[in-house]
1. Grab the alpha carbons of chain B, take their convex hull, and tell me the volume per residue in Å³.
2. Quick one: helix B:122-143 against the long Cα principal axis of chain B, what's the angle to the nearest 10°, folded into 0 to 90?
3. Based on other C-beta atoms within 10 Å, arrange A:6, B:55 from fewest to most.
4. log₁₀ I(q)/I(0) of the protein assembly as shown at q = 0.13, 0.16 Å⁻¹, via Debye over equal Cα point scatterers, no solvent, to two decimals?
5. Starting from the 7 Å offset along Cα-to-Cβ, what nm value, one decimal, do you get for the label separation of residue B:226 and residue B:38?
6. What residues from the range B:200-234 fall in the zone where the backbone N is under 20 Å from a label point 7 Å along the Cα-to-C-beta line of residue A:37?
7. How do B:138, B:228 line up, fewest other C-beta atoms within 10 Å first?
8. With a 10 Å cut-off between alpha carbons and a GNM built on chain B, which of B:234, B:94, B:74 moves the most?
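Please treat every number below as a calculation from the coordinates, not as lab data. Small disclaimer: the values here were computed from a predicted structure and weren't measured. Using ideal geometry, Cβ is built from the backbone for each residue, glycine included, and neighbour counts are taken over all protein chains shown.
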Amino acid sequence: MTGDPHIGFIIAAYAAAAATIGAMIGWVVLDFRELNAQLDQATRALDAARGGAKGKLGLD
Amino acid sequence: MVNLANPTTFVELTRRVLPWLAAATSALFVAGLWLSFAAPPDYQQGETVKIMYLHVPAAWMATFVYAVMTAAALGTLVWRHPLADAAQKAAAPLGAGFTFICLVTGSLWGKPMWGTYWVWDARLTSVLVLFILYLGLIALWRAIDDPGRAAKAAAILTVVGAVDLPIIKFSVDWWNTLHQPASVFRLDGPTIAPALLIPLIVMSLAFTCLFLTLHLMAIRNEILRRRIARVTMLAAAEGDRLAPEFAARGA
């Protein structure tokens, strides 16, 4: 196969497909990590708003 | 029956199904690539036929993903299913990715086989329109702040854009195109030799499993995004609710 005159096109096609699939996987995985971090932060903010405020008001 | 309309149930289901789907996808890609590279060269195309093992599954997925999005759009518009717009939004970047692979690999196959990277042929142009539709839908979701309005607008555009699917499928029959007619899904059966057809089928299954895996993950991300918005709003509302009490007690 390496002696094929169009080997460059074949390699380029597989490289482009691998890069695109890699980007799709990376997008989903990185988005998931970032969203989990954001959810933790938002939950902490909610807990602080509830617990912290109640604590300050002497409602605990 | 499992209530998939409940986002919490759906997230729990994805947590259990995803490892199996990811394993199946990896196994199918390993088998598909091994079969592709072990397959004999085509008598006319030579080794360049190996590009077809990427191009054809990507082309099928490009249209399949849009069909999934159309069904989800109907779910949003007609049945107001709570996960339909999440499924639709999650599928768009994946559909764009598969269409991009289809266009790039087709172009890289076209140069050595047709002597050109691109022609304004009906099949190629209608697939390019599909790619632009995907990008337009992604842009539409980003342009509208209100998620409900964005979902409705995107659902309408998706349903209207679905007219491109039969055009893509039948373009090679309706017009004189440089692109060859269907050679797998034919009434009289495939015209491809089994030695070339089997790797193509395995690679198509691998692409389908890849889409299912990434789609489930992306829907789960959309559910998380909504959860974050809800928790952030609750935190803000809680702050507003307790603010007068703070003021009254001088806290």
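1. Once divided by residue count, the hull of chain B is 178 Å³.
2. 10 degrees
3. Final ranking by Cβ density, sparse to dense: A:6, B:55.
4. Results for the protein assembly as shown at q = 0.13, 0.16 Å⁻¹ read -0.99, -1.34.
5. Computed distance between label sites residue B:226 and residue B:38 equals 4.5 nm.
6. What the label zone holds, given the 20 Å backbone N cut-off, is B:218, B:220-232.
7. Ascending Cβ contact count within 10 Å gives the list B:138, B:228.
8. Top of the fluctuation ranking is B:234.
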